[in-house]
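Rule-based calculations on the coordinates, nothing more; no lab input. Everything quoted here is computed from the prediction, not taken from an experiment. Glycine gets a Cβ as well: all are built from the backbone with ideal geometry, and neighbour counts include every protein chain shown.
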Amino acid sequence: MTRDRDPSGRPRNARPRDALGRPLDRVAGAEAASAGLPDDLELPAPEAARLADRLLRAGRPFHAHEVLEASWKSGPDDERDLWQGLAQVAVGLTHAHRGNARGAVALLNRGAQRVRAYRSRPEPGRDQPYGIDIAGVLAAADDLAARIERDGLADIPPADLRPGLLAAGR
């Protein structure tokens, strides 16, 4: 089977996916798939943060990851660690939703490490860029990774797999 490509030859994936990003059958899955996001998504950073927050809170971390990944690929270089780290946290949550404890812990930790790298630079505005609650995201990722590593996924309340991204009131 050939891979979907855009007019410039870049790989694209037009295959429908479920709410957790798992591929569905192309024909039967088209009706069952959750609304996907375009491959060429470009949103202003505040709008991307709000959309990713809504998707995470709705239990759709795979789709939040797509929004965050688009921001990392189209955003300024000095924000790469922020967006890439947040995307990795979303992938960690996707793994947790799918029952993959090992993958969840690895990606939650990797994402948090990248967000910390972004935050550690001595530039102003690094604590709540675009309304993103960096401290809250890091605390949630660290806590969830530690609990999953210690106890597994079975006793994690579903609400804990739906953390917010934005500071309260945003």
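Using Cβ contacts closer than 10 Å as the measure, can you line up ARG121, ARG126 from fewest to most?
ARG121, ARG126
Evaluate the relative contact order of region 45-161 (contact order divided by residue number), counting alpha-carbon pairs under 8 angstrom at least 6 apart; express in whole percent.
It rounds to 23 percent for region 45-161.
Whose amide H sits under 5 Å from the amide H of LEU166, counting only residues 5 or more places off or on another chain, with H placed in the peptide plane?
Under 5 Å from the amide H of LEU166 lie the amide H atoms of ASP133, each far enough along the sequence or on another chain.
I need two numbers for region 45-161: Rg to one decimal and Dmax as a whole number, Cα atoms only, in Å.
Over region 45-161's Cα set, Rg and Dmax evaluate to 13.3, 41 Å.
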